[in-house]
1. Using a 1.4 angstrom probe, figure out how much accessible area the chain has per residue, in square angstrom, rounded to the nearest whole.
2. Over the chain, calculate the relative contact order: mean separation of alpha carbon pairs under 8 Å at least 6 apart, over the residue count, as a percent.
3. How big is the shadow of the Cα convex hull of segment 258-321, averaged over all directions, in nm²?
4. Using the alpha-carbon atoms, what tilt in degrees (0 to 90, nearest 10) does helix 370-386 show relative to the longest principal axis of the chain?
5. What does the helix-only formula give at 222 nm for the chain: each DSSP H stretch with n ≥ 4 adding -39500 (n - 2.57), the total divided by the residues, and the result rounded to the nearest 500 deg cm²/dmol?
6. For segment 340-350, what does the Karplus curve 6.51 cos²θ - 1.76 cosθ + 1.60, with θ = phi - 60°, yield as ³J(HN,Hα) per residue in whole Hz, taken in order and with x for Gly and Pro?
7. Any idea what Rg and Dmax come out to for segment 1-72 if you just take the C-alpha atoms, in Å?
8. Based on C-alpha coordinates, I'd like the Rg and Dmax of segment 201-342, in Å.
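The values are calculated or read from the model by the stated rules, or taken from the named source; none is laboratory data. Values in this document were obtained by computation on a predicted structure and should not be read as measured data. Reconstructed Cβ throughout: ideal geometry from the backbone, glycine too, with neighbour counts over all protein chains shown. The area values use the complete protein model at the heavy-atom level, side chains included, leaving out ligands, DNA and RNA. Shrake-Rupley method; radii C 1.70, N 1.55, O 1.52, S 1.80 Å.
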Amino acid sequence: MEGLAEAASPHVLREYVLVADGWRGAMVAPSGEMSWLCFPTWSDSAVFSGLIGGHGGYRVWPVDRHVRGGYYEDGSLIWRQRWVTQTGTLEVREALAFPGQRDQLLILRRLLVVDGTVRARAALSIAAEYGHAGSVPWRRQGEYWTCAYPGVHAWWRGAGNARPDQEQAGLVADFDLAAGEHHDLVLHLSVRDDPMGADDLNPDELWRSTEMAWSRAIPPCRDLEAAADLRRAFAVLRGLTTPGGATVAAATTSLPERAQAGRNYDYRYAWVRDTCYIGRAGASVPGAQAVLDDAVRWLTERVLSDGAGTKPAYQVDGSAVPEPCHLGLPGYPGGSDVVGNPVGSQFQLDLFGEVLLILARAAGLDRIDADGWKAAEIAIDAIAQRYAEKESGIWEIEPNLWTHSRLICVAGLRAIAQHGAPGRWRTEALTLADRLLSQADRRCLHPSGRWQRAPDDRRVDASLLLAEVRGALPPHDPRSVATREAVLNDLSQDFYLYRYSDPAKPLGESEGAFLVCNFWMVLAKLRAGEVTSAARWFERSRASSGSSGLFSEEYDVEQNQLRGNIPQAFVHALLIESAAELSRA
């Protein structure tokens, strides 16, 4: 299709931006194309899937030769794309109307000419079911263009002069604007054939309500390190979080962690562990308690519902994560086209320790209710029942008696005991914590005095930093000191950390550095009183974002590129927690 075909080749990940409303998010390329959008919710099929080789997209751009830039408006996911052309300067202000509604979506795009004159073009193609649903023609209906698939009805306002492309699969419109002029485009998607009226689609009112909602949702972050970055990180987390408190791990699927390595996963689901990290971010910053409350509410519901069988991840409505399958699309270059995730059938012990940690943090702030305490009791019982089982651990790999899982449970049991757990629970929690730590000491302590990954795996692992960070051990305990030094010696490269080493390959060859591990090192350094070193790690870590300030899961140290699905929620959460702790230090 005109305009979309020339934008079909994906860009490097650091150049993409996210606009989101809590129920879904769109990835916008530097070409001005929204090349990824699922509807109605995060893990439903995509209507724009060009990012992984599918069809459908929505592009706005200047026709003339140009260079581009852009930025997020402070404390929001309102993006301003900016192009300097040979005849003038064009800005496109874009957002999803916020907060969103589950069954309908409004995409706002406002074209503004800053100086000179600009001819801009818009191209729109809806392609339901990742493009497998075929194409349907657009029809003119008063001031709208409209098309419909089963479960996806679209209305486009502001493109009255649009022309169908040759294959009738989409629309193209041109706009001639002079300095000071603007033009609004509003795309409405709904699961029902119920178009909004003109009053509901008033662009000025939609922009005003979206701006106000973002201003209320994001804490000021005053007197904190990197306050603007923190406000953007909070905006990312709010954009990825449904009103029910479920935060998807990332907006995308299948973006490769290493080209042609088969490391492609679907992260459009809510992980229990990640939600605990997000709750801690909310607890770390004044004015962000709503983030903590949302996380605690969702986690409590999951634990009360599933008990000792709580899954590592769920769909945002609490249903099971589907098993992986392929879509028959080319995928992002170097990757494939996976949807679904095998995590739904795994057991991960550490999630119960993480739940106890966040419930203890909420209790310390007097933000836990009777259901929360019931969830804590269930988590304690689950650890007691299942700690001897092999499990997939934090990295979701082959089952083993992973050391990190047991030490996080130690930290969680001690934390909940310290923050007001009822009498019997306190005794049981502390006794169980001592038992787990004693077993780990016997089975998982390396001859050098540091922790090792598992009884039969003597390598060090960056996740073992969390033993001291979360309070399983003091930072000056010899085991903590030895582990921290081993992580630095064995897993760091140019102030970036890898998860663990591969005996057959050098660092960086099998996978990228894990950015969440970098922020764990910041927290470990702070716990040890090494504030200057922590600040150096922090600055190095936050500099690894893309040009828009978004972080993915991994970072290619050699090529200075983001890898994996984007934006990765738990990395933004650890940025917030690290900055808050660094500011206090």
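1. 35
2. Value for the chain: 13 percent.
3. 5.8
4. Once rounded, the angle reads 60 degrees.
5. -10500 deg cm²/dmol
6. x, 8, x, 4, x, 9, 9, 10, 10, 5, 4
7. Rg and Dmax of segment 1-72, Cα atoms, are 12.2, 37 Å.
8. Looking at segment 201-342, its Cα Rg and Dmax stand at 17.6, 50 Å.
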